[in-house]
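The values are calculated or read from the model by the stated rules, or taken from the named source; none is laboratory data. Since we're looking at a predicted model, the values are computed, not measured. All Cβ positions, even for glycine, are placed from backbone atoms using ideal geometry, and neighbour counts span all protein chains on display.
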Amino acid sequence: MPSSIDTAARRVSPASLGAFPDLFIDYCTDFDAVADFYPGDWQSRTARRTAAESAAQRPADRDVLAETLLAQNERWGLDASTRSHIEALRDPASIAIVTGQQVGLFTGPLYTIYKTLTTLQLVEEWADQTGRPVVPVFWVEGEDHDFEEIAAAHVLHRNEVVPLSYAPDVEDNPGAVGRLALTDGIHDVVDQLDEALPPSDFKPAVMEHVRAAYRPGTRLEDAFAQLMRSFFADDGLVFINPDDARLKALSRPLFRREIESPQASAAQVGAASRALRDRGYHAQVTARPTNLFWLGDDSRRALDWEEHTFRLRGTDRTFSQSELLDHLDETPERFSPNVVLRPLMQDHLLPTAAYVAGPGEVSYFAQYGGVYEWAGLDMPLIHPRASVSLVEGKVQTVLDKYDLTVADFQTNLDPLFQNVVVDTMEVDVDALFSEALPQLHQTLNALKPEVEAVDRTLGASTEAARSAIMDEMESLKQKVVRAEKRQQDEVRAQLRKAHVNLRPAGTLQERMINVLYYLNKYSPALLNDLRHALQTDTSAHQVVEV
């Protein structure tokens, strides 16, 4: 099948999009400016070899890790290439390129896919540069308790954004959302997706994968992993679900350190946050003692440190330090890391040499250097994921017509519309009539004495003629204005179409639109095409015509 991508990706400055924080922009384009917040230059071969050597020495128990991953991936469709990669993790020389994401409905926004594509691209690159076995790993984050954050997906239909929401009766804090079993209500959401996606040669296969994954009784995290697996079959992608007693048991040393020194990690994050603000950057996360949650059967609650006691947030339940350590020994699966400890758990378990991160993650890793030192871990290199805009032919036609680029489309369409209208309108109506009317008055003013010299009674007729001429001129002006408005309305409609596709709801396309819209329209082979079209130098936003 021919590629749906006809040209190589074009590169756009991330700063020009008005969508990324300064810290992320400098990380991508001027690393030296932020180097002291990170372990090394993500593009340096020397830094990569150093990170690989450190990562290879890290995992607590490679055999337990491998056995757990085999069991987990068996649930989602374990193929030969994934099995081979899992077995490779037993090799003490092997390393991992890791990414991850929350278990969003139908895999969530496009950035989940771009994270995965970047990870798969880097495997071969790192293998060549380090001479080591390299394994791609996807962290399936299902322990979060914010259900609304993962329960919606968005596709395009006739240049409108169509929201798809899965809304069963769920408590405000249902515990680990990944554990929730899909209800019969998922049928309605899948049917809405089916209705929103137009008929195509690829739709039957696409919908078959969706229906196979999202079935009543299936846990959200399993549905997510199964659908992701179908997108990347035979690529050897290894999925890991941290909500596993075996993995939590391996993580005891990290959790114990946090319980025994409940203010230490937060202090490290706080110091880095102040340093970032002093340099004019933002602090992405705010750490609180402690950075652990208690994972119950029906809720996930933060463990707050209060005067030598741990309190379960929102309840009266408390634990002494010794009680909490006893629980850690007996039921480690009851503990869940927050945004600070999650990457440390990941890198305690895995030989992570590089983590493929979105802009927010790149920002919060700048706060974590001291926490990694406190935990006795080396932070992996942080590689920005590919940031991408997919430009369909219908959108490219609009860009070409008005000589625009993707970067011209910002959060608000109005300024661009005004600029385009000024450039495209051939007539400035107000200026045209403002110039003509004084000339007419001047002519009539000069004519009136001559007329009155012939017959004084004709002065009134001259004024009547003036009034009639002004009325006709105003009528003509309104006709021109209506014609101009019709032209403006056409311009606005075309620009709005492009804006909805490129900046839906004002945000970047990659942050809202789901990949299924594009797979249905252009074939599931689009993912492989993108893998070859996108560059691993992700310092720029990449624009791909499809």
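So that you can scan it fast, the table gives a plain yes or no per residue for (1) within 30 Å of Phe417 (Cα to Cα); (2) part of a helix (DSSP H, G or I); (3) out of contact with any Pro (no Cβ under 9 Å at 6 or more places or on another chain); (4) of a type in the set (Lys, Arg):
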site	(1), (2), (3), (4)
Glu435	yes, yes, yes, no
Arg456	no, no, yes, yes
Ser467	no, yes, yes, no
Met470	no, yes, yes, no
Arg486	yes, yes, yes, yes
Task: Residues of the range 374-433 classified as surrounded by 12 or more Cβ atoms within 10 Å (Cβ to Cβ) and assigned to a helix (DSSP H, G or I), total - done: 21
TODO: Select, from Gln226, Gln192, the only residue that is assigned by TED's automatic domain parsing to the domain that holds Pro524, among the polar types (S, T, N, Q) and over 24 Å from Ser84 (Cα atoms).
DONE: Gln192
- [ ] Would you mention how many residues in the range 159-183 are more than 23 Å from the chain's Cα centre (by Cα) and at positive phi?
- [x] 1
Task: Failed item in (1) outside the structural domain of Ala483 (by TED's automatic domain parsing); (2) under 30 Å from Ala540 (Cβ atoms), with Leu416 passing the rest - done: (1)
TODO: Given the conditions (1) under 18 Å from Leu413 (Cα atoms); (2) crowded, with 19+ Cβ neighbours inside 10 Å; (3) touching a Phe, Trp or Tyr at 6+ places or on another chain (Cβ under 7 Å), report the number of the one that Gln509 does not fulfil.
DONE: (3)
Task: Residue match in the range 344-360 (condition: under 30 Å from Ser44 (Cα atoms), without any contact (Cβ under 8 Å) to a residue 60 or more places away in the chain and buried (at least 18 other Cβ atoms within 10 Å of the Cβ)) - done: no
Open item on the list: With the structure loaded, tell me whether Pro163 is assigned to a strand (DSSP E or B) and under 24 Å from Ala533 (Cβ atoms) or whether it fails that test.
Closed with: no
Open item on the list: For the structure I just gave you, tell me whether Pro92 is out of contact with any Lys or Arg (no Cβ under 8 Å at 6 or more places or on another chain) and loosely packed, with under 15 Cβ neighbours inside 10 Å.
Closed with: no
Open item on the list: When you check Lys485 against the structure, is it more than 20 Å from the chain's Cα centre (by Cα), of a type outside the set (A, V, I, L, M, F, W, C) and modelled with pLDDT of 90 or more, yes or no?
Closed with: no
Open item on the list: Of everything in the range 479-531, what is out of contact with any Ser or Thr (no Cβ under 7 Å at 6 or more places or on another chain) and either free of Cβ contacts under 8 Å to residues at least 24 places away in the same chain or of a type in the set (Ser, Thr, Tyr) (or both)? Give them in sequence order.
Closed with: Lys479, Arg482, Ala483, Lys485, Arg486, Asp489, Glu490, Ala493, Thr507, Tyr517, Tyr518, Asn528
